[in-house]
Amino acid sequence: MITQTKNTQDKLTPEDAHQILVEGNERFLKNMKTQRDLQEQVKQTSKGQYPFAVILSCIDSRVPVELIFDLGIGDIFSTRVAGNIINTDILGSMEYSCKVAGSRIIVVMGHTKCGAVKAACENVELGNITSLLSKIKPAMDIIKSEGIDINDSATKEIVAIKNVHVSIERIRQESIILSHMEKVGEIKIIGSIYDVSTGKVDFFESPILSKINNNLLNEEFPSIV
Ligand SMILES: [Zn+2]
């Protein structure tokens, strides 16, 4: 996979960007890592960056974003915070990534066995962690309101999924810039869950690629196919 340039970024649609991530995770699962000269990529990206995606994920050490999508330097804006929650600084980072720097897709990625979700479900209170966990509580409250026992370990995985949906809704409601870009098709905003037991990313929806875009991918990203 080549280093992203203005040219490759301009040609990508949000669906193409989604497909690159799907195929990257497939290579990761098959242990077929793309050969990259990272030092060369440092040189190539030194004068500018043209990442195709912004990925909001948890700080969990088992979720190293570039590795699980088999990506290199300059490919994505990796935005990480415990529990993949939304706040104004993260929204500002996403607005920069998409509106200023041209990224085509926002992926909110939760994960299984998330300590932040577990702590929120258990009402942990400790220093600044309390404030952070309060942003996961809305997802927990929705699950509780459906009469589901929040203390069950399987339920915490449902809260993690709901938490991704809550973050996506907050992006749409609290960022006029990003919700407009999504409405006019300039970007896609999607959710996903990473399974720390298997290494698989499950997207909540699949990419829809046209034949033309497939050809584009083959040309610009020869190592993907
Ligand atoms: Zn986590």
Among LYS113/LYS135; LYS11/LYS43; LYS47/LYS200, the pairs whose Cα-Cα distance exceeds 29 Å are LYS47/LYS200
Quick numbers on region 92-170, Rg and Dmax over C-alpha atoms in Å, give 14.3, 43
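With contacts defined as alpha carbon pairs under 8 Å and 6 or more residues apart, what's the relative contact order of the chain in percent? Don't jump to the answer; show the numbers that get you there.
Numbers: 365 pairs, mean separation 58.3, N = 225.
Dividing the mean separation by the residue count of the chain yields 26 percent.
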Quick calc: nm separation of the 7 Å Cα→Cβ label points for ILE129 and PHE204 -> 2.7 nm
Tilt, helix 14-29 to longest principal axis of the chain (alpha-carbon atoms), in degrees rounded to tens, equals 80 degrees
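Using only alpha carbons, build the gyration tensor for region 31-161 and give me the equivalent ellipsoid semi-axes, biggest first, whole Å.
Details: eigenvalues 214, 55, 30 Å².
That gives 33, 17, 12 Å for the three semi-axes.
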Out of GLY24, GLY92, GLY74, a Gaussian network model of the chain with alpha-carbon springs under 10 Å gives the largest mean-square fluctuation to GLY92
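To the nearest 0.05, what FRET efficiency results for ILE150 and LYS11 with a Förster distance of 41 Å applied to their C-beta separation? List each step's numbers first, then the result.
On the way: r = 46 Å, r/R0 = 1.12.
Approximately 0.35, to the nearest 0.05.
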Share (percent) of C-alpha pair distances in the chain greater than 27 Å works out to 33 percent
For region 1-87, the Debye formula with one identical point scatterer on each Cα and no solvent gives log10 I(q)/I(0) at q = 0.21 Å⁻¹ as -1.12
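Compactness ratio of region 53-111: Cα Rg over 2.2 N^0.38 Å, N = residue count? Mind dumping the intermediate values first?
Working: Rg = 10.9 Å, N = 59, 2.2 N^0.38 = 10.4 Å.
Normalised Rg, Cα atoms only: 1.05.
Do the sum for the chain: with -39,500 (n - 2.57) for every DSSP H run of n ≥ 4, divided by all residues, what is the mean residue ellipticity at 222 nm, to the nearest 500 deg cm²/dmol?
-13500 deg cm²/dmol
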Which of GLU186, GLU205, GLU15 fluctuates most in a GNM of the chain (C-alpha springs under 10 Å)? That residue is GLU205
Phi angles of region 94-108, converted by Karplus (6.51 cos²θ - 1.76 cosθ + 1.60, θ = phi - 60°) into ³J(HN,Hα) in whole Hz with x for Gly and Pro, give 5, 5, 4, 4, 8, 6, 8, 9, x, 5, 9, 8, 10, 10, 9
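Rule-based calculations on the coordinates, nothing more; no lab input. In this text the structure is predicted, and so the values were computed from the model without any measurement. Every residue, glycine as well, gets a Cβ built from its backbone with ideal geometry; the counts of neighbours run over all protein chains shown.
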